[in-house]
Amino acid sequence: MTDDTPAGEPVRASDDGPASGAGLSPAETLRLIRQQQEAARDATEPDGRLLFAAWGLAWLIGYLAMWLSARDTGLAESWAGWVLAGCILGAVVFTIVHSITRTAGTRGASARLGAMYGWSWFLAFTAFGVLLGAMGHAGASPEVMAIASNGFACMIVGLLYIACALLFEEVRMYALGAWMLVTAVAAAFAGMPNTYLVMAAAGGGGFLAMVAVEQWFRARRRSPGSVPRRTEGGGHGA
């Protein structure tokens, strides 16, 4: 092909190699198609690695601050509570912005599901704060408030991840959601201040472990000879 090819004329394969799928074997053609589908899907779906990392760091930093401040008295100090609240708020905002941004270029059901899922985090944690305020107004003790706040937070995150797994047919998110529910129970029985340590280690650690798991699955999915995942339902396929 020379440089004087007329504008608008289709590019044809040269003798040096195909410019399109012409001349490729069926297996190679399917591999290229699958790679293009994966690239398009990854560009328009929330990146699980980023979401796991955001929540893992938020829980690890926030709950370690709570545990460190409560080791002597059994109750966390106010500065640690603000650290935790800031970390959780940052993770919620990041989840909303990331989910809406990554699905902004899509249309129809996928875009609606992404936006609805992102805003579900805001609605759930807003209700979480209101319920805690109502418990305090009703005279709940600081220890009960601490255990309830940890349990509610774990249950919200666990159930939202399970909901995401059901929407997008994502087994790994379902497993993480179930793990967070187990963490909620373990933290409730750990007592003060160890409940904060359980939340940091099991909760935050579980999220961070999923970053490595998600990266491994992405690398395996893109490797030659990998089995294409299901395309129905969108989201991160298992």
At 0.36 nm per residue, minus the direct Cα-Cα distance, what do W79 and S141 gain on full extension? Give it in nm, one decimal, please.
20.4 nm
Semi-axis lengths (Å, descending) of the ellipsoid that matches the C-alpha gyration tensor of the range 46-222:
29, 18, 13
W119 to D72: FRET efficiency via 1/(1 + (r/R0)^6), r the Cβ-Cβ distance, R0 41 Å, to the nearest 0.05?
0.55
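Rule-based calculations on the coordinates, nothing more; no lab input. Since this is a predicted model, take the numbers as computed values, not measurements. A quick note on method: Cβ atoms are made from the backbone with ideal geometry, for glycine too, and the neighbour counts reach across all protein chains shown.
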